[in-house]
Ligand code: SF4
């Protein structure tokens, strides 16, 4: 399947999905309400067979008041990959957990929760991963400040 | 060393020629210490790779200066090469490692991160701003990361410091921390010459004038 065909087929799964153009690999934007069902299809559908979740990340966009969750998928049987971007609101960042589909995402989601404060529904064990349990705030948010941090003077 | 430093000076100084004997003993002890530095394998980020290039790779051959026996246990090491970023969670571990090392112990801090926090000094929630906040440092090697030559220059500086440093009469007395900055305009040739000179003046075997392998 070529890159264009893959994008066409993935976008045909549901309404509201768009192709992200500025990207060097096939990338789609998925609305958060539809994300869990689409993820299930991506894993089980014969055309896609994305059996590997290679990376999971987050980006803070304060101007747009959104946090973007980025997923990298790879299919070991078909050899193609796909990037998925899901945007959640900054005030109330809630996203579905992919733990049931790709168990690796348990710790990836704990890390994102730790550093960005994204809450994953149905996550089995959503605790902080790197920082102390009593840490206040989420340090990778762009407006994070604490007493230890030195402000850049310019 | 306690026996030597506490009891020997008063015992020996009573004899005629005792102070001179102590001085030559000092130079022997310091020579031995400076030529057999055993580094602790401790690296936290990118600088550690650079130090591995200097310490582990055959091209640079740290064995010439007696510092190639990297020990994984702090109890067998006497040189802590602090290579890399130190974060707050590493701080107590680093302190413990340093405390576990036997006296006399020396610390070389390499890279901008270990000097001041380096690229992460501003807007970082976790980076410790400089190794001196945790442990005393003897030699700083600047760079991000320092080249292997710069690391060697730091090691030579430390050896020089040890030879001129502590004596039996004044244990634990050290020079102030040194910034082992490669002097501007220093060429590789000069550095090589200095290393050869250093090797010749402090070793028992003879070296040929020219280095056989690469630098
Ligand atoms: S000084 Fe530079 S190379 Fe060294 S650990 Fe820091 S960032 Fe990495």
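Every read-out reported here was derived from the displayed coordinates using simple, explicitly stated rules and does not represent laboratory data. What you are looking at is a predicted structure, and each value in this text was computed from that prediction instead of being measured. Glycine gets a Cβ as well: all are built from the backbone with ideal geometry, and neighbour counts include every protein chain shown.
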Subject >> Helical mean residue ellipticity (222 nm; -39500 (n - 2.57) per DSSP H run of 4+; nearest 500) of the protein assembly as shown >> reply: -10000 deg cm²/dmol
Subject >> Evaluated over the range A:3-91, the Cα radius of gyration and Dmax, each in Å >> reply: 12.8, 40
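On average, how many beta carbons from a partner chain sit within 10 Å of the beta carbon of a residue in B:119-129?
Mean shielding count: 4.
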Original post:
Taking the range B:6-46 as the region of interest, what is the percent of Cα-Cα pairs per 10 angstrom bin, listed from the shortest bin to the one with the maximum distance?
Top reply: 24, 31, 21, 13, 9, 2
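Summarise the partner chain shielding of A:144-153 as one whole number: the mean count of Cβ atoms from other chains within 10 Å of each residue's Cβ.
On the way: counts 2, 2, 1, 0, 7, 6, 8, 2, 3, 1.
So the per-residue partner count for this stretch is 3.
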Subject >> FRET efficiency estimate (nearest 0.05) - Cβ-Cβ, residue B:102 to residue B:196, R0 30 angstrom >> reply: 0.45
**OP:** Give the share of C-alpha pairs in each 10 angstrom bin for the range A:21-154, from 0 to the last occupied bin, in whole percents, shortest bins first.
**Re:** 11, 40, 32, 13, 3, 0
Subject >> Shielding by partners - mean other protein chain Cβ count within 10 Å, residues of B:86-95 >> reply: 1
**OP:** Please report the base-10 log of the normalised intensity I(q)/I(0) for the range B:6-92, using a Debye sum with one equal scatterer per alpha carbon and no solvent, at each q in 0.26 (1/Å).
**Re:** -1.24
Subject >> Calculated diffusion of the protein assembly as shown, Stokes-Einstein form, Kirkwood radius summed over Cα pairs, 20 °C and 1.002 mPa s, µm²/s >> reply: 85
Original post:
Using the alpha carbon gyration tensor of the range B:97-138, what are the three equivalent-ellipsoid semi-axes (square root of 5 times each eigenvalue), largest first, in whole Å?
Top reply: 23, 10, 6
Original post:
Where does the range B:2-163 land on the Kirkwood hydrodynamic radius, alpha-carbon pairs, in angstrom?
Top reply: 16.8
Subject >> Relative packing of A:27-39, B:82-94, which averages over residues the other C-beta atoms within 10 Å, highest first >> reply: B:82-94, A:27-39
